[in-house]
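Peer 1: Take this structure, written in structure tokens, and hold onto it; I'll ask about it next.
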Amino acid sequence: MGPTRKPNVCRRLSHRALGCFSRDAGVVQRTNLGILRELVCQESTKFKNVWTTHSKSPIAYERGRIYFDNYRCCVSSIASKPRKLYEMPKCSKSEKIEDALLWECPVGEIFSNPSDYKSSLIALTAHNWLLRISATTGKILEKIYLASYCKFRYLSWDTPQEVIAVKSAQNKGSAMARQAGIQQPVLLYLAVFRVLPFSLVGILEINKKIFGNITDATLSHGILIVMYSSGLVRLYSFQAITEQFMQQKLDLGCACRWGGTTGTVGEAPFGIPCNIKITDTPPLLFEVSSLESAFQIGGHPWHYIITPNKKKQKGVFHICALKDNSLAKNGIQEMECCSLESDWIYFHPDASGRIIHVGPNQVKVLKLSEIENNSSRHQISEDFVILANREKNKNENLTVTASGRVVKKTFNLLDDDPEQETFKIVDYEDELDLLSVVAVTQIDAEGKAHLDFHCNEYGTLLKSIPLVESWDVTYSHEVYFDRDLVLHIEQKPNRVFSCYVYQMVCDTGEEEETINRSC
């Protein structure tokens with residue numbers, strides 16, 4: 001699946017649930033967002049490219065903030081013109097930030113430190129430090145040294161805004177050991193923390209002697225997910241593992257004696273010992289086999305989506321009940337299309353229990369419902385379908401040569417042929433309850449894209465925004481729609497990254513110049 005095809009649903013670090021507010025505040029919030037939605041979708045509203053910048057390092061976006069130079073430079077995109085919030089001091093390659101998550105203070109929580117009420121960037125550095133950085137000033141508020149026995153590389157939310165998982169790079173062993181056929185038993189480590197205030201849950205060792213010949217493992221919503229090269233996926237309870245196999249409870253900032261060495265937990269050079277080592281196979285919650293270990297859980301009640309574990313089944317999706325593995329009625333979904341890039345499917349992030357299935361020329365929103373007179377079984381049916389704008393030409397298979405001779409084509413275009421409007425990105429704006437769809441068409445030598453807003457309930461097209469920059473389908477693209485902002489990040493060859501910022505403006509009928517800058 002190419003980078004332009006993946007949905008950006010994972011970027012939402014938290015759904016700002018209106019129920020978190022008091023009743024009166026919730027009414028005001030809903031009213032304000034309702035007004036904003038009307039403004040965004042009304043015909044006279046325009047989105048204009050107000051800022052363009054280029055960078056030699058990756059560009060990241062989250063909640064109104066644009067990050068450059070490995071998160072060292074932060075620009076606010078909320079103002080009418082993006083402005084720099086902070087720029088951290090330059091650092092060595094070993095100290096650079098490799099991954100980061102944005103933490104936002106939950107409403108109603110009480111903290112002892114005033115700085116805890118403001119958003120923080122939780123960052124992982126190349127030399128195994130976990131930092132909490134002020135999202136507005138760039139000041140380092142807390143720092144934890146992880147360990148020296150492995151290289152930590154990835155950050156993810158186990159429970160959004162509550163628990164983070166820090167994942168190490170996989171242990172491949174030395175080249176000499178591999179040549180001698182010696183395999184390292186430990187594949188990777190997972191360090192788990194509760195955030196604000198930071199507290200350590202533990203560091204878990206993923207060992208092949210326990211799980212077998214696994215290829216990867218991750219943590220999500222309290223579930224340890226283990227994957228195998230055969231396509232097998234197994235699920236275990238992380239809490240049960242912690243209760244059964246934690247060797248010693250460790251507290252950040254406290255003295256600890258471990259393996260004959262004494263130090264302070266979370267401080268260099270001692271770091272954090274691996275205190276959760278599984279010595280026996282833990283109780284299995286669930287297992288399933290799927291092509292490329294692709295596996296998703298969602299819906300009401302719980303269902304999962306897999307592709308049968310055979311290469312010829314690629315593009316075929318089975319939707320099954322989690323409780324008994326039974327296939328839902330109409331639960332085999334296959335989009336009849338012939339394209340270079342495969343279609344994709346996922347549970348709708350709006351918590352409706354629906355499913356979004358995206359192909360090159362259509363977006364299907366499917367709903368899961370009980371079968372009449374059989375409440376124990378469920379069925380899949382279409383809620384609505386969004387179709388690409390493709391005019392059918394009666395003479396589409398005919399070509400007229402320069403001499404006027406009519407030649408009939410002996411081949412058909414692919415469904416994602418650049419000359420036809422093709423869907424590339426589908427996302428969901430949770431606060432405005434809108435589906436956003438990026439459609440691209442190759443016009444002459446360059447591609448042109450537009451971002452469409454659709455009613456999340458009925459699929460009705462409400463607004464279409466043309467993107468002024470050209471769109472090369474061979475590049476990697478990300479598009480974010482966040483309230484009254486649209487942001488397009490593009491990766492070109494030779495690690496050149498471009499960022500295009502669009503702001504919602506009232507159309508005064510006057511042409512405004514696009515501001516171009518470099519960061």
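The values are calculated or read from the model by the stated rules, or taken from the named source; none is laboratory data. Bear in mind that the values here come from a model prediction, so they are computed numbers and not experimental data. Backbone-built Cβ (ideal geometry, glycine too); neighbour counts: all protein chains shown. Keep in mind that these areas ignore ligands, DNA and RNA; they rest on the heavy atoms of the full protein, side chains included. Shrake-Rupley method; radii C 1.70, N 1.55, O 1.52, S 1.80 Å.
Peer 1: Is it true that some residue in region 474-483 is among the aromatic types (Phe, Trp, Tyr) and at pLDDT below 95?
Peer 2: Within region 474-483, one or more residues are among the aromatic types (Phe, Trp, Tyr) and at pLDDT below 95.
Peer 1: Scan 237, 229 and give me the residue that is surrounded by fewer than 16 Cβ atoms within 10 Å (Cβ to Cβ), touching a strand residue (DSSP E or B) at 6+ places or on another chain (Cβ under 9 Å) and of a type in the set (Gly, Ala, Ser). Even if it seems obvious, please write down each step before you answer.
Peer 2: Details: 237 fails: surrounded by fewer than 16 Cβ atoms within 10 Å (Cβ to Cβ).
None of the other options fit; the residue is 229.
Peer 1: Same structure, new question: List pairs: first residue in region 369-383 and small (Gly, Ala, Ser), second residue outside any strand (DSSP E or B) anywhere in the structure, Cβ distance under 8 angstrom, at least six positions apart or on different chains.
Peer 2: none
Peer 1: Within region 244-256, which residues are free of Cβ contacts under 8 Å to residues at least 60 places away in the same chain, open to solvent by 40 Å² or more (accessible area, probe 1.4 Å) and in contact with a strand residue (DSSP E or B) (Cβ under 9 Å, 6 or more places away or on another chain)?
Peer 2: 246, 247, 248, 249, 251, 253, 254, 255
Peer 1: Which of (1) open to solvent by 90 Å² or more (accessible area, probe 1.4 Å); (2) at pLDDT below 80 does residue 399 not meet, given it meets every other one?
Peer 2: (1)
For (1) touching a helix residue (DSSP H, G or I) at 6+ places or on another chain (Cβ under 6 Å); (2) basic (Lys, Arg); (3) within 25 Å of residue 367 (Cβ to Cβ), each residue gets a yes or a no:
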residue: 429; (1), (2), (3): no, no, yes
residue: 455; (1), (2), (3): no, no, yes
residue: 458; (1), (2), (3): no, no, yes
residue: 466; (1), (2), (3): no, no, no
residue: 477; (1), (2), (3): no, no, no
residue: 483; (1), (2), (3): no, yes, no
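Peer 1: Find the residue count for region 322-342, including only residues that are out of contact with any Leu (no Cβ under 8 Å at 6 or more places or on another chain), open to solvent by less than 30 Å² (accessible area, probe 1.4 Å) and in contact (Cβ under 8 Å) with a residue 40 or more places away in the chain.
Peer 2: 1
Peer 1: Considering only region 445-468, how many residues are in a strand (DSSP E or B) and either modelled with pLDDT of 95 or more or touching a strand residue (DSSP E or B) at 6+ places or on another chain (Cβ under 9 Å) (or both)?
Peer 2: Selection size over region 445-468: 15.
Peer 1: Something else now. So, in region 469-485, of the ones that are open to solvent by less than 10 Å² (accessible area, probe 1.4 Å) and part of a strand (DSSP E or B), which residue ends up farthest from residue 39 (Cα to Cα)?
Peer 2: In the first step, residues of region 469-485 are kept if they are open to solvent by less than 10 Å² (accessible area, probe 1.4 Å); the result is 471, 477, 479, 481, 485.
Imposing the further condition that a residue be part of a strand (DSSP E or B) reduces the set to 477, 479, 481, 485.
Values: 477: 27, 479: 21, 481: 14, 485: 12 Å.
Out of the qualifying residues, it is 477.
Peer 1: A follow-up question, please. Name the single residue, out of those in region 186-211 being open to solvent by 30 Å² or more (accessible area, probe 1.4 Å) and without any contact (Cβ under 8 Å) to a residue 40 or more places away in the chain, that is farthest from residue 311 (Cα to Cα).
Peer 2: The selected residue is 194.
Peer 1: Any chance you could count how many residues in region 237-248 are within 22 Å of residue 220 (Cα to Cα) and not in a helix (DSSP H, G or I)?
Peer 2: 2
Peer 1: For the subset of region 92-110 comprising residues that are at pLDDT 90 or above and over 20 Å from residue 136 (Cβ atoms), which member is most open to solvent (accessible area, probe 1.4 Å)?
Peer 2: Filtering first and then ranking leaves 93.
Peer 1: State which residue is least open to solvent (accessible area, probe 1.4 Å) when the search covers only region 486-501 and only residues that are at pLDDT below 95 and either within 25 Å of residue 38 (Cβ to Cβ) or not in a strand (DSSP E or B) (or both).
Peer 2: Among them, the one singled out is 493.
Peer 1: Restricting to region 142-155, and then to whatever is touching a Leu at 6+ places or on another chain (Cβ under 8 Å) and surrounded by fewer than 17 Cβ atoms within 10 Å (Cβ to Cβ), can you tell me which residue is farthest from residue 61 (Cα to Cα)?
Peer 2: Per the stated criteria, the residue is 143.
This table checks each residue for (1) outside any loop (DSSP other than H, G, I, E, B); (2) at pLDDT 95 or above; (3) open to solvent by 10 Å² or more (accessible area, probe 1.4 Å).
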{"residue": "40", "(1), (2), (3)": "yes, no, no"}
{"residue": "43", "(1), (2), (3)": "no, no, yes"}
{"residue": "48", "(1), (2), (3)": "yes, no, yes"}
{"residue": "57", "(1), (2), (3)": "no, no, yes"}
{"residue": "61", "(1), (2), (3)": "yes, yes, yes"}
{"residue": "75", "(1), (2), (3)": "yes, yes, no"}
{"residue": "79", "(1), (2), (3)": "no, no, yes"}
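Peer 1: Looking for whichever is among the hydrophobic types (A, V, I, L, M, F, W, C) and open to solvent by 50 Å² or more (accessible area, probe 1.4 Å) here; the options are 297, 306, 345. Which one fits?
Peer 2: Going through 297, 306, 345 in turn, the sole match is 297.
Peer 1: Which of the residues belonging to region 256-275 are in contact with a Gly (Cβ under 7 Å, 6 or more places away or on another chain) and among the β-branched types (Val, Ile, Thr)?
Peer 2: Answer for region 256-275, where residues must be in contact with a Gly (Cβ under 7 Å, 6 or more places away or on another chain) and among the β-branched types (Val, Ile, Thr): 264, 265, 272.
Peer 1: Among the candidates 369, 352, 342, 381, single out the residue that is part of a loop (DSSP other than H, G, I, E, B), closer than 30 Å to residue 431 by Cα and modelled with pLDDT of 90 or more.
Peer 2: 352
Peer 1: Given the criteria more than 16 Å from residue 345 (Cβ to Cβ) and surrounded by fewer than 15 Cβ atoms within 10 Å (Cβ to Cβ), does residue 287 qualify?
Peer 2: yes
Peer 1: Mind listing whichever residues of region 317-339 are under 20 Å from residue 425 (Cα atoms) and either of a type in the set (A, V, I, L, M, F, W, C) or in a helix (DSSP H, G or I) (or both)?
Peer 2: 317, 335, 337, 338
Peer 1: Scan region 139-152 and report the pairs whose first residue is within 9 Å of residue 129 (Cβ to Cβ) and whose second residue is of a type in the set (D, E, K, R) and part of a loop (DSSP other than H, G, I, E, B), with Cβ atoms within less than 8 Å and a gap of 6+ or a chain change.
Peer 2: Hits for this filter: 145/267.
Peer 1: Is it the case, given these coordinates, that residue 259 is free of Cβ contacts under 8 Å to residues at least 24 places away in the same chain and not acidic (Asp, Glu)?
Peer 2: yes
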